[in-house]
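Q: Structure below; questions to follow.
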Amino acid sequence: MVRLRHYCCGNKKCADFEKPYRDREAIQQGVAPGGAGKLFCRKCGKPIFLRDAIEKKFDSPAVKEQSRKIQDQVQVALDSESRDLILVGHALSIVAEPGQIHRGYTNSDHEIDGEIEFKDDQGRATGKRLYVQLKSGDSYLTKRKGDGAEVFHI
């Protein structure tokens, strides 16, 4: 998340009073570490201060560390969600390629994520089903000693 602020001259007598300062590059330089923390109005020359109580709070080491931790947690959740979606798509394509039926479950009561129903030679559903539990983590993979291939145990 990026906080995008709009700054304007606070001088009520200025022609640019409450008009947004448009030079984003100058604003970024002013708020950057080591920046001046202020700009000057191009019409009246009065300072426009860029750092308020929120910026000062965001600069504290504790808030920065908390923000970093939250970003790490969000990234892990997004990565996990992406892997889950890729896995569902992969299961669908594996089942669809030989022309079988895949039914995904949106509410998994017993950790069953879907089912595969097999068709007979005439393309009719047989009632024979395989229930599927999808796992996207690596905890279910092992490496085979002989060739190092990854093996998923069922």
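The values are calculated or read from the model by the stated rules, or taken from the named source; none is laboratory data. Computed from a prediction, not measured in an experiment: that's the story for all the values here. We place every Cβ from the backbone using ideal geometry, glycine too, and count neighbours over all the protein chains shown.
Q: Can you name the number of the only condition in (1) in contact (Cβ under 8 Å) with a residue 40 or more places away in the chain; (2) within 27 Å of the chain's Cα centre (by Cα); (3) closer than 30 Å to Phe17 by Cα that Lys57 fails?
A: Just one mismatch for Lys57, condition (1).
Q: Here are some conditions: (1) of a type in the set (Lys, Arg); (2) within 30 Å of Ala26 (Cβ to Cβ); (3) loosely packed, with under 10 Cβ neighbours inside 10 Å. Lys46 meets all but one. Which one does it not meet?
A: Here Lys46 meets the rest and fails (3).
Q: Then there is this: Going by the conditions given, is Gln66 among the polar types (S, T, N, Q) and in the same structural domain as Ser136 (by TED's automatic domain parsing)?
A: Details: among the polar types (S, T, N, Q): yes; in the same structural domain as Ser136 (by TED's automatic domain parsing): yes.
Judged against the criteria, Gln66 is a match.
Q: For Asp147, only one of the following conditions fails: (1) modelled with pLDDT under 90; (2) assigned to a loop (DSSP other than H, G, I, E, B); (3) exposed (fewer than 11 other Cβ atoms within 10 Å of the Cβ). What is its number?
A: Result: Asp147 passes all but (1).
Yes or no, residue by residue, for (1) acidic (Asp, Glu); (2) out of contact with any strand residue (DSSP E or B) (no Cβ under 9 Å at 6 or more places or on another chain); (3) modelled with pLDDT under 85:
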{"position": "Arg3", "(1), (2), (3)": "no, yes, yes"}
{"position": "Glu25", "(1), (2), (3)": "yes, yes, no"}
{"position": "Lys57", "(1), (2), (3)": "no, yes, yes"}
{"position": "Lys64", "(1), (2), (3)": "no, yes, yes"}
{"position": "Ile70", "(1), (2), (3)": "no, yes, no"}
{"position": "Glu81", "(1), (2), (3)": "yes, yes, yes"}
{"position": "His90", "(1), (2), (3)": "no, yes, no"}
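Q: I would also like to ask the following. From the list Ile94, Ile86, Ile70, Ile112, pick out the single residue that is within 30 Å of Pro33 (Cβ to Cβ) and either touching a residue at least 24 places away in the same chain (Cβ under 8 Å) or not charged (D, E, K, R) (or both). First the steps, then the outcome.
A: Values: Ile94 fails: within 30 Å of Pro33 (Cβ to Cβ); Ile86 fails: within 30 Å of Pro33 (Cβ to Cβ); Ile112 fails: within 30 Å of Pro33 (Cβ to Cβ).
Every option except Ile70 fails the conditions.
Q: What number of residues in segment 88-111 are surrounded by 13 or more Cβ atoms within 10 Å (Cβ to Cβ) and either in a loop (DSSP other than H, G, I, E, B) or within 27 Å of the chain's Cα centre (by Cα) (or both)?
A: Selection size over segment 88-111: 6.
Q: Would you mind finding the one in Arg5, Arg22, Arg42 that is outside the structural domain of Gln75 (by TED's automatic domain parsing) and within 30 Å of Gln75 (Cβ to Cβ)? I'd like the intermediate steps shown before the answer.
A: Details: Arg22 fails: within 30 Å of Gln75 (Cβ to Cβ); Arg42 fails: within 30 Å of Gln75 (Cβ to Cβ).
Going through Arg5, Arg22, Arg42 in turn, the sole match is Arg5.
Q: Quick check, is Arg51 touching a Lys or Arg at 6+ places or on another chain (Cβ under 9 Å), within 30 Å of Gln29 (Cα to Cα) and basic (Lys, Arg)?
A: Judged against the criteria, Arg51 is a match.
Q: Give the residue, chosen from Phe152, Phe118, that is without any contact (Cβ under 8 Å) to a residue 60 or more places away in the chain and in contact with a helix residue (DSSP H, G or I) (Cβ under 9 Å, 6 or more places away or on another chain). Working first, answer last.
A: Numbers: Phe118 fails: in contact with a helix residue (DSSP H, G or I) (Cβ under 9 Å, 6 or more places away or on another chain).
Result: Phe152 is the single residue among Phe152, Phe118 that is without any contact (Cβ under 8 Å) to a residue 60 or more places away in the chain and in contact with a helix residue (DSSP H, G or I) (Cβ under 9 Å, 6 or more places away or on another chain).
Q: Please work out which one of (1) at pLDDT 85 or above; (2) over 34 Å from the mean Cα position of the chain (by Cα); (3) of a type outside the set (Val, Ile, Thr) is the condition Glu18 fails and give its number.
A: Condition not satisfied by Glu18: (1).
Q: Between a first residue in segment 32-48 that is at pLDDT below 90 and a second residue that is of a type in the set (Lys, Arg), which pairs have beta carbons less than 6 Å apart while being 6 or more apart in sequence or on different chains?
A: These pairs meet every condition: Gly37/Arg51.
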